[in-house]
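Some notes on the structure that comes next.
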Amino acid sequence: MAGLILKLRPYEELMINGVVVENGDRKARLRVKTDGAHILRLRDAMKPEDATTPLKRAYYIAQMAVAGQLANAEAADLARHALESYDGPGANETRREVDIRLAENEFYKVMRYLGEVMAAEPAFAQPASAPDRPLPQTFGGAAS
């Protein structure tokens, strides 16, 4: 994550290594120089109760890895499992694209990709059937 540039809005919140911080009253630009830092903008965060479809469940799981609250291997396994029941248009392509990003431990890229898929496929926003594996509930941050 070295060299990551964060552009923050006034009062925007983010989680850095499990600690929620808030920007001040002006825009800010930060450069993260440390590899392995776990950083999640809370505007990108999904609450666990909103993870009601296979795509949203996979997004939430990737978010947990980005926040450092799930180990990469566990998150990859859970995300793949969540997507097994996804049957929307281009489901095989979606699973393949996510799998490529998971293999590289690029969980933020998984979130971005799934966000694009969800925006393009609003018909698949209806809740999924009850999952056979519960979502991890350790994520403490919530989107404002």
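The values are calculated or read from the model by the stated rules, or taken from the named source; none is laboratory data. Everything quoted here is computed from the prediction, not taken from an experiment. Because the Cβ atoms are built from the backbone with ideal geometry, glycine has one as well, and the counts that use them run over all protein chains shown.
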Test result for MET64, of a type outside the set (Phe, Trp, Tyr), assigned to a loop (DSSP other than H, G, I, E, B) and within 9 Å of the chain's Cα centre (by Cα): no
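Which of the residues belonging to the range 23-41 are more than 24 Å from LEU70 (Cβ to Cβ) and either touching a Phe, Trp or Tyr at 6+ places or on another chain (Cβ under 6 Å) or not in a strand (DSSP E or B) (or both)?
ASN23, GLY24, ASP25, ARG26, LYS27, LYS33, listed by residue number.
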Test for ILE61: is it closer than 23 Å to ILE16 by Cβ and either at pLDDT 90 or above or touching a Cys at 6+ places or on another chain (Cβ under 8 Å) (or both): yes
The listed residue being assigned by TED's automatic domain parsing to the domain that holds GLU106 and closer than 22 Å to ILE16 by Cα, out of ALA91, ALA76, ALA82, ALA51: ALA76
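Quick test for you: out of LEU102, LEU78, pick the one residue that is at pLDDT 95 or above, farther than 30 Å from ARG9 by Cβ and part of a helix (DSSP H, G or I).
Values: LEU102 fails: farther than 30 Å from ARG9 by Cβ.
Exactly one residue qualifies, and that residue is LEU78.
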Matching entry among LEU30, LEU42 (being among the hydrophobic types (A, V, I, L, M, F, W, C), under 14 Å from the mean Cα position of the chain (by Cα) and surrounded by fewer than 20 Cβ atoms within 10 Å (Cβ to Cβ)): LEU42
Residue match in the range 1-12 (condition: modelled with pLDDT of 90 or more, touching a helix residue (DSSP H, G or I) at 6+ places or on another chain (Cβ under 8 Å), among the aliphatic types (A, V, I, L, M) and surrounded by 13 or more Cβ atoms within 10 Å (Cβ to Cβ)): no
